[in-house]
Amino acid sequence: MALKESAPPQRYPEVPPDGRRRAPWTRVLALGAGGFALWFLLFAPTLQHNAQVSPVGTRRTVSLDITGPVALLSRGLQLSHIVSATGREQSLPGGTNGVVIVGPAVHPRPHHPSTHQTVVAGPTTTTTTTNPKDPTSAAPLHVLIVGDSIGLDLGGPLQYDLAQTGVVSAALDGRESTGLTRPDYFNWPAELASDLKTTQAQVVVVMIGANDAQDFLGPPDVPYTSPQWNTLYAQRAAQFMQIAESAGAGVYWVGMPPMQNPGLSAQMSDINAVDQRQAQLAKPAVDFIPSTKALGTPQGGYTAFVTNSAGQIVEARAPDGTHLTNGGGQVLAQVVINTLRGAGYHIP
């Protein structure tokens with residue numbers, strides 16, 4: 001009689017020593033790819049903007065080709081407000097991380113109603129002249145400089161040069177990657193209002209806009225290239241000017257320089273036009289200081305080298321073709337100081 005073959009024993013998957021089962025690598029890969037795709041869709045407009053302001057070259061071109069279609073889809077789905085709700089605004093941008101004041105040591109002086117007034121700012125008490133155009137070391141002119149990363153490029157040399165006069169207390173608050181289009185990331189109007197209280201500024205110098213050629217957050221989003229964008233940006237600029245003038249300070253708005261990237265340069269030209277128009281409409285009018293003549297070619301184009309007031313040729317632009325070198329900042333700082341002198345401020 002033939003023996004019946006027994007069935008092979010059933011095999012069970014081995015259990016790891018720690019008792020935890022591992023997911024198949026294909027599933028882990030799929031989850032990772034899905035998470036990356038979701039992140040890319042949410043942040044594509046920001047990644048596209050970062051690519052737009054990056055140096056000209058193959059890397060920038062490839063980045064724009066990749067991010068462009070996804071950014072378009074993200075805007076169409078109105079996903080940018082979700083990014084705002086993730087709490088990104090809780091992380092402060094780089095820069096001075098607050099207002100930094102440099103200037104002559106100031107001591108209290110006897111109050112005279114016709115010539116002086118005492119100003120209290122935080123724990124210190126200083127005396128300022130009622131005529132800010134005639135500052136002294138004991139009663140210096142209070143200047144506040146605010147701006148984005150290019151504003152910082154100007155602000156450092158300008159603060160130093162003003163403080164070296166011995167009659168100016170110069171305060172600087174600069175924040176990288178900021179502007180007026182994204183208050184969810186950094187609220188410049190609120191920061192300016194706080195800085196004015198801290199510094200008791202009599203002159204405010206603004207250089208901001210390098211990061212502003214991007215969509216306004218929604219819903220609904222307002223695309224940068226839409227007709228509504230200029231109207232909304234003009235309102236933001238006008239509001240900022242009003243805050244700067246609210247305590248009686250003279251306001252000087254420095255325009256963006258030409259950029260090596262033609263597309264970015266055209267965007268800065270558009271933003272300059274909006275800012276200059278709002279400066280003219282402000283009451284009292286804001287002084288708009290173009291930087292193109294000092295940092296550009298005679299035709300208003302980009303150049304990496306310029307001639308300073310001493311007749312020396314200096315490298316004015318950083319390798320990225322966007323930011324200023326220290327030499328470029330010094331050239332523009334002298335333009336601002338000469339503008340203040342022309343307005344009647346007696347600055348040595």
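Would you mind stating whether residue 113 is out of contact with any Pro (no Cβ under 7 Å at 6 or more places or on another chain), loosely packed, with under 15 Cβ neighbours inside 10 Å, modelled with pLDDT under 60 and over 30 Å from residue 339 (Cβ atoms)? So that I can check it myself, show each step before the final result.
Working: out of contact with any Pro (no Cβ under 7 Å at 6 or more places or on another chain): yes; loosely packed, with under 15 Cβ neighbours inside 10 Å: yes; modelled with pLDDT under 60: yes; over 30 Å from residue 339 (Cβ atoms): yes.
When the stated conditions are applied, residue 113 passes them.
Looking only at region 299-309, filter to residues that are farther than 14 Å from residue 335 by Cβ and either over 27 Å from the mean Cα position of the chain (by Cα) or among the polar types (S, T, N, Q) (or both); which one of those is surrounded by the fewest Cβ atoms within 10 Å (Cβ to Cβ)? Break it down into steps so the answer makes sense when it comes.
First, pick out the residues of region 299-309 that are farther than 14 Å from residue 335 by Cβ: 299-305.
Next, only the ones that are either over 27 Å from the mean Cα position of the chain (by Cα) or among the polar types (S, T, N, Q) (or both) stay: 299, 303.
Details: 299: 8, 303: 15.
Taking the candidates together, the pick is 299.
Take region 225-240 and flag every residue that is more than 30 Å from residue 132 (Cβ to Cβ) and open to solvent by 40 Å² or more (accessible area, probe 1.4 Å).
Going through region 225-240, the residues more than 30 Å from residue 132 (Cβ to Cβ) turn out to be 225-233.
Scanning region 225-240 gives 225, 227, 228, 230, 231, 232.
Scanning for something farther than 21 Å from residue 214 by Cα, open to solvent by less than 20 Å² (accessible area, probe 1.4 Å) and outside any helix (DSSP H, G or I), does region 321-341 turn up at least one residue?
yes
Out of 13, 45, 9, 17, report the one residue that is modelled with pLDDT under 80 and open to solvent by less than 50 Å² (accessible area, probe 1.4 Å).
Working: 13 fails: open to solvent by less than 50 Å² (accessible area, probe 1.4 Å); 9 fails: open to solvent by less than 50 Å² (accessible area, probe 1.4 Å); 17 fails: open to solvent by less than 50 Å² (accessible area, probe 1.4 Å).
Matching residue, one of 13, 45, 9, 17: 45.
Kindly evaluate residue 284 against the criterion of being over 18 Å from residue 253 (Cβ atoms) and either aliphatic (A, V, I, L, M) or part of a loop (DSSP other than H, G, I, E, B) (or both). Even if it seems obvious, please write down each step before you answer.
On the way: over 18 Å from residue 253 (Cβ atoms): no; either aliphatic (A, V, I, L, M) or part of a loop (DSSP other than H, G, I, E, B) (or both): yes.
When the stated conditions are applied, residue 284 does not pass them.
Determine which member of the set 347, 289 is open to solvent by less than 30 Å² (accessible area, probe 1.4 Å) and farther than 28 Å from residue 211 by Cβ.
Details: 289 fails: farther than 28 Å from residue 211 by Cβ.
The match here is 347.
Which residue out of 179, 166 is touching a Phe, Trp or Tyr at 6+ places or on another chain (Cβ under 9 Å) and either open to solvent by 40 Å² or more (accessible area, probe 1.4 Å) or assigned to a loop (DSSP other than H, G, I, E, B) (or both)? Full working, then the answer.
Working: 166 fails: touching a Phe, Trp or Tyr at 6+ places or on another chain (Cβ under 9 Å).
So the residue among 179, 166 that is touching a Phe, Trp or Tyr at 6+ places or on another chain (Cβ under 9 Å) and either open to solvent by 40 Å² or more (accessible area, probe 1.4 Å) or assigned to a loop (DSSP other than H, G, I, E, B) (or both) is 179.
If we keep just the residues of region 246-284 that are surrounded by fewer than 18 Cβ atoms within 10 Å (Cβ to Cβ) and of a type in the set (A, V, I, L, M, F, W, C), which is farthest from residue 61 (Cα to Cα)?
So the residue we want is 247.
Checking residue 243 against (1) among the β-branched types (Val, Ile, Thr); (2) part of a helix (DSSP H, G or I); (3) open to solvent by less than 10 Å² (accessible area, probe 1.4 Å): exactly one of these is not met. Which one?
(3)
The values are calculated or read from the model by the stated rules, or taken from the named source; none is laboratory data. Everything quoted here is computed from the prediction, not taken from an experiment. Note: ideal-geometry Cβ built from the backbone for every residue, glycine included; neighbour counts use all protein chains shown. Ligands, DNA and RNA are excluded from the accessible area calculation, which covers all protein heavy atoms including side chains. Shrake-Rupley method; radii C 1.70, N 1.55, O 1.52, S 1.80 Å.
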